[in-house]
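Worksheet: the structure to be examined is printed underneath.
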Amino acid sequence: MSKLKEIKILGFPLWMMILLNFIMIFLAAKDWMLSNLVGALAFALVIGTMLGWIGDHIPVWNAWFGGGMLFTCLAAGALNTFNLIGEGAKEALNTFNGSTGFLDLYILILITGSVLSVDRKMLLKSFARYIPTIIAGVVCALGLAGVVGAIFGIGAIDAITTYAIPIMGGGNGAGIQPMSRMWEAATGGDGSAWYASAFAIISLGNLVAVFMSALLNKLGQSKPALTGNGQLMMDAENVVSKTEEVKPVVGDYATGLALGLCCFCIADLYSKHISIINNHLNLGFSIHTFAFMVILVAVLNVTNILPANVKAGTKGMQLFFVKYMSFPLMITVGIGTNLSDYAKVFTNPANLVVIIATVIGAMIGTLLMAKLFHLYPVEAMLTAGLCMANGGGSGDVQCLGAANRMEMMSYAQISSRIGGAIMLVVASFFFGRFL
């Protein structure tokens, strides 16, 4: 009983959080919830945080099945599937996520903070060898997934667009979420339904990637010549500049938010009105705004024109959104889905085979490039391969932890963020060209 009294969720004592959840569920069930931004955010923040906390504390589930993120999305899907809340509440949440732009806000904050948090010297030094290694892993992953999909009756294109691209897409926030928008724009279908299936797929892909990371650690122990024990390049030391960490003040959070918003607006302007690819070449596909935004923010990082406090502010905003807005986002995403969308992934054993093939393909491609560019195979497959095929930032921690190589987080971040941006371009092409 004393432990229960010590529990705080979103800063509230447990009893108070339960009371707030009861009130919001009651209002939504009666369809008395405010139908504007205030009502949607209140429901998503309170209910989402509570469900996320529960999911993160369920044994086994929290370690192997997506924890609070997937649990919250599934629970929101159940609210929709079984009509546990009113139609007005559903519409308010769907609008908040869609036309109101909560999803876009979440993604742009995540992109800005994530890309600017990667050390600029690491970006410059690694591009020449590391980015081609990532690309080789992507090509092999998509190719092997297509072959296996064709063999098992799924179809090469479906295997690539439904399985391989989401798995290699850099996780959730800057991966399958913007991809769902691209898919919706390209097909005219329900992007939330594609997202629901993709979330389950990347969760399974992450599990496979973590398991393979542990095997790579064992491989390095048995074959010492294949590993640099945390060092990627054979012919050079991995030097990372140690800049003094700047702690953001309240004003820096506003600065970081403003930068992210402006970068998105600039990327949107470029995408819709300036881009030669999107507006003049008529290639049958377009590059999404989020892809241009990642490129823009990467340029800002490499040129080093941003003051340290601005970068600190963007990182602070990213951490805030990841910690406090991820579960609410899962409510707004999940409320537009049906649980039957998830069931489709698990009913056919061929689905799991394609997922495994995608992860193995990423490892094969990076291994081949590691030999060409004189990179240690274990580290190359781990960071350029498995950290592309995992679930994003949290997947990076799981994979590097399983491989006992946490010091390679900078490379993992390049894979998840810059590699994820490459996958947005790839997704734009495949969705626009073949769907």
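The values are calculated or read from the model by the stated rules, or taken from the named source; none is laboratory data. Model, not experiment: these values are computed from the prediction. Glycine gets a Cβ as well: all are built from the backbone with ideal geometry, and neighbour counts include every protein chain shown.
Below are the figures for this structure:
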read-out: Lone unmet requirement of (1) without any contact (Cβ under 8 Å) to a residue 24 or more places away in the chain; (2) more than 22 Å from residue 205 (Cβ to Cβ); (3) acidic (Asp, Glu) for residue 56; value: (2)
read-out: Top-ranked residue of segment 373-391 - restricted to ones that are in a helix (DSSP H, G or I) and of a type outside the set (A, V, I, L, M), ranked as nearest to residue 203 (Cα to Cα); value: 387
read-out: Selection count, segment 295-312, where residues are of a type outside the set (Val, Ile, Thr) and under 14 Å from residue 108 (Cα atoms); value: 2
read-out: Selection within segment 401-412 - surrounded by fewer than 24 Cβ atoms within 10 Å (Cβ to Cβ) and part of a helix (DSSP H, G or I); value: 401, 402, 406, 407, 408, 409, 410
read-out: In segment 262-290, the residues that are at pLDDT 95 or above, among the aliphatic types (A, V, I, L, M) and out of contact with any helix residue (DSSP H, G or I) (no Cβ under 7 Å at 6 or more places or on another chain); value: 269
read-out: When residues of segment 187-196 are limited to those that are in a helix (DSSP H, G or I) and surrounded by fewer than 22 Cβ atoms within 10 Å (Cβ to Cβ), the one modelled with the lowest pLDDT; value: 193
read-out: Of the criteria (1) in contact (Cβ under 8 Å) with a residue 60 or more places away in the chain; (2) assigned to a helix (DSSP H, G or I), which one residue 247 fails; value: (2)
